Amino acid sequence: MSTYRKILRLALPVILTQLGAGLIGLADTIMVGHVDAVSLAAVSFANSIFVIGLAAAIGVTMAITPLVGQNYARGEDTAISDIFGNGTLFSIIAGVLICMILFAIMPLMNHMGQDKEVIQIAKPYYIIQIISLLPFIISSCQKQFLEGLGNTKTAMLVMMSVIILNIILNYILIFGKLGFPAMGAYGAAIASLIARTFSPLILGIAIRRNSIWWNYIKNFSFRRITADSLRRIAEVGLPIGGQSVLECLAFSLSCIMVGWLGAVPLASHEIACQLSNITWMGIMGVGSATVIRVSHLYGARDYEAMHKDAMASIHIAVFYELITSALLIGFNRYIPYIFTNDIDVIATAPMLIICCGIYQISDGMQVVGLSILRGMTDVKRPMVYSMISYLIISLPIGYILLTRTSLGAVGIWIGFIISLSLVAILYLTRYRNTIKTLTT
């Protein structure tokens, strides 16, 4: 039981942090959804593209946690300082490039088969979201650094304050309160930008006030920015970012395909995607705790304890996903009312929510399996597995079922169920073979 307690002690703050990050997007969706179905579809369309860049940004910074964690277990303070400094610089450079790519994609939005009204609302929302990416990537570096040191509570407290700020600003700017004009989806984007700018400032203050954390920052010198250090960060960060992009790309392209059916199916799909995102954020908390524990024990070369923690994480993930699956399937007819007043969307969304509930176990297994491998900095092969599962299997199946059958958007979700089940099997098989090698 002590193994489960250790993981849960780390995981619960991260779960709340990740859920908090998801709630920012959820708050946008719920509040914009009560403006009209077109605004909800526009937010869904814009986010389907933006989230690819967001995933890449998060993935690049995630290299910091296992590298810091492994060196923390060995007591190598100088290496920790170097990883944070080089990792932050590398992440910011990557963030600038990601923003440039996202801006370059914007003219293509006119040619993705969406309604003109949807595109008109989506573009301003999309621009503000891109601008918010840079402060977000800085706070993500800070968060990953603290998690590598085994601290998960600080980011949780900061995220709670960010959520409150975002929801208040959403209410004011979307609906036009306290003398502000009603800005709809554009107001939601501005609220997110302010909240994401607030986050790195508060995390920076928290790091500065902790003498141990600050020593790692203070002792870093720009002279220690080297090609070798940046290459090490890139070797871990780019495959993680690539894997994250592949997963998000599958969801994003599916969103665009659903948009071919019209605003109502797209709005219904967005509701299911937001629910999937929230449950995924929760299991990512378990995944982050798994990365921390595995990286520490892998760095200490205590492989038997590492395997015990890995198995405990799998058990926790199954328990969590059984609960989320039951809730989604059991309340599928009632959940849409939270998001919208549109009768057509309320009638269409429940079946997609059921599909979302069905794939919960597979989603939990793939998140934890991938987290175990990341803790050991085994990141290149998982990226290949993701490419096979998401691009070669999920998208073609979803496209065929969407366009050649009467299943519509449900066909897209069948593709998700199949691909997530496959990638979960591949990740866990990879870990099983690795642990056998390490312990024999």
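Observations on the model:
- Meets criteria (at pLDDT 90 or above and aromatic (F, W, Y)) for Y171: no
- In the stretch 431-440, the residues that are out of contact with any helix residue (DSSP H, G or I) (no Cβ under 6 Å at 6 or more places or on another chain) and in contact (Cβ under 8 Å) with a residue 40 or more places away in the chain: T434
- Selection within the stretch 197-213 - open to solvent by 40 Å² or more (accessible area, probe 1.4 Å) and under 21 Å from S161 (Cβ atoms): T197, F198, L201, I202, I205, R208, R209, N210
- Among the residues making up the stretch 275-296, those that are open to solvent by less than 20 Å² (accessible area, probe 1.4 Å) and farther than 18 Å from L16 by Cβ are S276, V294, S295.
- Test result for F90, aromatic (F, W, Y), surrounded by fewer than 24 Cβ atoms within 10 Å (Cβ to Cβ) and assigned to a helix (DSSP H, G or I): no
- Counting only helices (runs of 4 or more DSSP H) that sit completely within the stretch 247-366, those holding 3 or more residues that are under 27 Å from I119 (Cβ atoms) correspond to 263-299, 336-339, 343-358.
- Pairs where the first residue, in the stretch 304-327, is crowded, with 22+ Cβ neighbours inside 10 Å and the second is among the charged types (D, E, K, R) and assigned to a helix (DSSP H, G or I), C-beta under 7 Å, 6+ apart: D309/R293; E321/D363
- Note on the stretch 254-273: among residues that are touching a Leu at 6+ places or on another chain (Cβ under 6 Å) and hydrophobic (A, V, I, L, M, F, W, C), the one that is nearest to Q360 (Cα to Cα) is A272.
- Test: residue in the stretch 71-83 that is in contact (Cβ under 8 Å) with a residue 40 or more places away in the chain, under 23 Å from the mean Cα position of the chain (by Cα), open to solvent by less than 10 Å² (accessible area, probe 1.4 Å) and on the phi < 0 side of the Ramachandran plot: no
- Residue match in the stretch 364-371 (condition: open to solvent by 20 Å² or more (accessible area, probe 1.4 Å), under 30 Å from Y72 (Cα atoms) and out of contact with any Ser or Thr (no Cβ under 7 Å at 6 or more places or on another chain)): yes
- Test: residue in the stretch 330-351 that is charged (D, E, K, R) and in contact with a Ser or Thr (Cβ under 6 Å, 6 or more places away or on another chain): no
- Residue check for I338: modelled with pLDDT of 90 or more and open to solvent by 30 Å² or more (accessible area, probe 1.4 Å): no
- Among the candidates I52, I24, residue that is within 18 Å of G95 (Cα to Cα) and either modelled with pLDDT of 75 or more or surrounded by fewer than 24 Cβ atoms within 10 Å (Cβ to Cβ) (or both): I52
- Check on I240, over 18 Å from the mean Cα position of the chain (by Cα), in a helix (DSSP H, G or I) and in contact (Cβ under 8 Å) with a residue 12 or more places away in the chain: no
- Remark: A312 matches the filter, which requires a residue to be under 21 Å from T152 (Cα atoms) and among the hydrophobic types (A, V, I, L, M, F, W, C).
The values are calculated or read from the model by the stated rules, or taken from the named source; none is laboratory data. Since this is a predicted model, take the numbers as computed values, not measurements. Quick reminder, even Gly has a Cβ in these numbers, built from the backbone with ideal geometry, and neighbours come from all protein chains shown. Remember, those area values only see protein heavy atoms, side chains included, never the ligands or the DNA or RNA. Shrake-Rupley method; radii C 1.70, N 1.55, O 1.52, S 1.80 Å.
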